[in-house]
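Worksheet for the structure shown next.
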Amino acid sequence: MTTAAPPSQDILKPHLAIDGGHSLQGELKVSGAKNSALVLMTASLLTAERLTLHNVPPLTDIDGMENILVSLGVKVHRRSETVELEASHLTSAEPPYDLVNGLRASFFAIGSILARMGYAKVPLPGGCRIGARPVVEHIRGLKALGASVSVEHGVVTAAVPGEGKRLKGASIVLDCPSVGATETILMAATLAEGTSVIENAAQEPEVQDLANLLNAMGARITGAGGPTITIHGVEALHGCEYSVILDRIEAGTFLLAAAITRSRLRVAPVVPEHLNAVLQKLRDCGCELEIDGDGITITPGTIKGVDITTQPFPGFPTDLQAPFMALLATASGTSVITEKIYENRMQHVAELQRMGAAIRIQGSTAIVEGVPSLSAAPVNGTDLRAAAAMVLAGLVARGSSQVSGLNHLDRGYAGIEAKLRACGAVLERHLP
């Protein structure tokens, strides 16, 4: 492979070497949804019986959640894409800081720990550094359910007062439709005494997936997927078997891989209604889409600029903002991309500029002037979706790119290089 840029410190790190300019063909397989699987795993804390989850993607974030649950006393057995969890004897309500710090979704366990044990002590979370993402809504919701909550030295302590140790049903209006807060409150309210109502709830498919699992475990939840969710508390939940929904963000990333390489490609299995906003933008920028039973075949035409504003579901997902920007960097005309969810989610711009993209930033808005081609360079993915954007840019750039930041990439894309290679991409993982 040819090298289009001088060596840098980036190639001394683990990286993907991507030889750009190859068209793709065939089918890209979509795995289970990371953002759903992580939260569904924490639902195991709500029952003493075994919970079996299928279609769980093999990701480092899943490893991290497994370690957190084991630290609480959960027995975890994994084989292929199936995870068995048994929380019959919880030994702790305090997951350790060193495990929680690297995984934001770990904080969502506070609702299920509190509901099951009457007490929880959880450090504030880490994860990708893309913005503040405060947990104020989670705390406010738990307080409304009757918990006493304090935050000291970066640790949230919650307790259910009284001898009964059960939370009380309540009406909660979220200031913003936070996915994490909706999921935390939803899990806590399942075992509360009485009825709870969450207004201005997040409507994401992952929230619906959690509600469907909880109902399969014996919960009484209605309205998930809409702005108002009603939870009638029950005394206990039981185990069940359940399959995690498909990853709409991975599906969108693969559709963008086809678009940026101007390749006809099938992406499957998918749930098209989870991607309506993304599919519309792909059509708007010049792609033809054929939706069959469980897949989407994309045929890119001349790619032209479009405007995008990230919004909570059913709007355009913030997790596909960076990958879509990589595509629009190669489009004809000007695109305007406005990030409304996370204030620091433009860190990929500087890396795309290193590859020849013409992008300028005004606050939380990026103005993208399409260029005829990108050129290979050593680049770094600064967070999960930025890393995916760098891979997409590398697929189309002239020459050989080195994409580092694989620790981020591996959090959310299972075997991405093997999947892309099977469709004709030329890339290889280097672990110096």
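Using just the C-alpha positions of the chain as equal point scatterers, what log10 of I(q)/I(0) does the Debye formula give at each q in 0.06, 0.08, 0.11, 0.13 1/Å?
One equal scatterer on each Cα of the chain leads to -0.25, -0.44, -0.82, -1.10.
Rounding to the nearest 10 and keeping the result within 0 to 90°, find how far the Cα-based axis of helix 248-260 lies from the longest principal axis of the chain.
Between the helix axis and the principal axis of the chain, the angle is about 0 degrees.
Can you sort ARG429, ARG360 so the residue with the fewest Cβ neighbours within 10 Å comes first?
Lowest count first: ARG360, ARG429.
For a footprinting-style exposure proxy, rank GLU27, GLU235 by other Cβ within 10 Å, fewest first.
Least crowded to most crowded, the residues run GLU235, GLU27.
Dipole magnitude of the chain about its Cα centre, charges +1 at Lys/Arg Cβ and -1 at Asp/Glu Cβ only, in debye to the nearest 20?
Dipole size: approximately 480 debye.
Using only the alpha carbons of segment 63-160, determine the length spanned along each of the three principal axes and report them from longest to shortest in whole angstroms.
Extents along the principal axes: 38, 32, 20 Å.
Kindly express, to the nearest 10 degrees and within the range 0 to 90, the angle between helix 60-71's C-alpha long axis and the longest C-alpha principal axis of the chain.
20 degrees
Can you give me the orientation-averaged projected area of the convex hull built on the Cα atoms of segment 183-287, in nm²?
Over all viewing directions, segment 183-287 projects a mean Cα-hull area of 7.6 nm².
For a quick protection proxy, order the peptides 38-45, 188-195, 270-277 by their average other-Cβ count within 10 Å, most packed first.
The most tightly packed comes first, giving 38-45, 188-195, 270-277.
Quick one: what are the phi-derived ³J(HN,Hα) couplings along segment 315-329, Karplus 6.51/-1.76/1.60 with θ = phi - 60°, whole Hz, x for glycine and proline?
After applying 6.51 cos²θ - 1.76 cosθ + 1.60, I find x, 5, x, 4, 5, 10, 5, 5, x, 5, 4, 4, 4, 5, 5 Hz.
Compute the Rg/Rh shape ratio of segment 154-220: radius of gyration over Kirkwood radius, all on alpha-carbon atoms.
Using Cα coordinates only, the ratio equals 0.98.
Dividing the convex hull volume of the alpha carbon atoms of segment 348-432 by its residue count, what do you get in Å³ per residue?
Expressed per residue, the convex hull around the Cα atoms of segment 348-432 is 100 Å³.
After finding the eigenvalues of the alpha carbon gyration tensor for segment 34-232, what semi-axes result from the square roots of 5 times each, listed largest first in whole Å?
In descending order, the three semi-axes are 22, 19, 18 Å.
Values in this text are rule-based calculations from the coordinates and carry no lab data. None of the values given here were measured: they were computed from a predicted structure. Counting neighbours? That spans all protein chains shown, and the Cβs are built from the backbone with ideal geometry, glycine included.
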